[in-house]
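Everything below concerns the one structure shown next.
The values are calculated or read from the model by the stated rules, or taken from the named source; none is laboratory data. From a predicted model like this one, the values you see are computed outputs, not experimental measurements. Cβ: placed from backbone, ideal geometry, glycine included. Neighbour counts: every protein chain shown. Each accessible area value is taken on the protein alone, full model and side chains, heavy atoms only, with ligands, DNA and RNA left out. Shrake-Rupley method; radii C 1.70, N 1.55, O 1.52, S 1.80 Å.
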Amino acid sequence: MAPDPSTLPRHIGIIMDGNGRWAKKRGLERTEGHKQGAKVFRDIATYCSELGIEAVTFYAFSTENWRRPEKEVHAIMDIFRDFLAELEQREAENEEMGFRIRFIGDKSRLPADIVSLLDITESRSAEKKRTTVNVAVNYGGRQEIVHAARLLAQQAVDGTISVDQITESLFSRYTYTGDLPDPDVIIRPSGEMRLSNFLTWQSAYSELWFSDVLWPDFTRKDLDQMLSDFAKRNRRFGGV
Ligand code: FPP
């Protein structure tokens, strides 16, 4: 059933998990799971845009994912390259990309060619207003908090701000999602029930929604189910 627009979350966070298990179940290489996961990412991002959701943040690669075998890390980087090249191609054909895309995380450790593709993609889509799609790459929630703290500390040292001016709302503005509302709901598929260093600052009052479906099997129907469950949640933000 189509979701009621008045109950839609403004910002959704999604942990794309279960790609490896999906591939294993089919006797495929783990990288095949990531490829399928990337297709689902495109479809769900498009669906969120169609629904008019303001922002959706996908966890694509964590600061801890470098610990995976080199071959798998390379394969994931190649998936990013393909995706970015495809976006560039579509833009070149003047097709409507539909959403503003941003990459959040520490880009400094990523291969240089990927960083320049990320920058091109971000600037080309910057004016699109309908939906912001954040892709977290080399992202860690604690790393993000330290990054924001350093920016603020530097300003205090430089005398641009006083220590008393450092409040929750100012701090929020220095996170990677500083111009967006905090996520109303975070989705974790594949049966795991933890946040794994995702949106650590921003998730303080997020609803959590878990599903046993592996990410490569996740469909628009699953998103509809989440939206219907979310609409029934009673969010009190510490009140009564
Ligand atoms: C977690 O599943 C998945 C990842 C660490 C990689 C996710 C990356 C993609 C889906 C590609 C995204 C592509 C674009 C274009 C943004 P897992 O490997 O931990 O699965 P498992 O828990 O079953 O082993």
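Within 10 Å, count the other beta carbons around each residue, average over each peptide in 7-17, 143-153, and list them highest first. Kindly include the intermediate steps, with their values, before the conclusion.
On the way: 7-17: 22.1, 143-153: 15.6.
In decreasing order of mean packing, 7-17, 143-153 become 7-17, 143-153.
Between GLY105, GLY191, GLY141, the Gaussian network model of the chain with springs among Cα atoms under 10 angstrom shows the greatest mean-square fluctuation at GLY191.
Which trypsin sites (Lys or Arg not before Pro) does region 23-103 hold that lie in a coil by DSSP with at most 13 other beta carbons within 10 Å?
Values: sites: LYS24, LYS25, ARG26, ARG30, LYS35, LYS39, ARG42, ARG67, LYS71, ARG81, ARG90, ARG100, ARG102; in loops: ARG26.
Here the sparse-neighbourhood loop sites are ARG26.
In the context of the full set of protein chains, region 63-148 has a per residue accessible area of 52 Å² (1.4 Å probe). Summed over the residues of region 151-240 and divided among them, the accessible surface reaches 56 Å² per residue at a probe radius of 1.4 Å.
Overall form of region 106-240: oblate. Here a/c, set by the Cα gyration tensor axes a ≥ b ≥ c, is 1.5 or more, and a/b is not larger than b/c.
Take the solvent-accessible surface of the protein heavy atoms, probe 1.4 Å, and return the percent of it on region 30-157 that carbon and sulfur atoms account for.
Working: 3120 of 6210 Å².
Ligands and nucleic acids excluded, carbon and sulfur reach 50 percent.
Distance between Cα centroids, region 27-56 to region 1-20: provide it in whole Å. Using only Cα atoms to place each centre, the spacing works out to 12 Å. Which pairs, out of LYS24/LYS107; LYS39/LYS129; LYS39/LYS232; LYS129/LYS232; LYS24/LYS232, put more than 25 Å between their alpha-carbon atoms? Exceeds cut-off: LYS24/LYS107; LYS39/LYS232; LYS129/LYS232; LYS24/LYS232.
Taking a ≥ b ≥ c as the square roots of the Cα gyration tensor eigenvalues, region 50-176 comes out oblate, since a/c reaches at least 1.5 and a/b does not exceed b/c.
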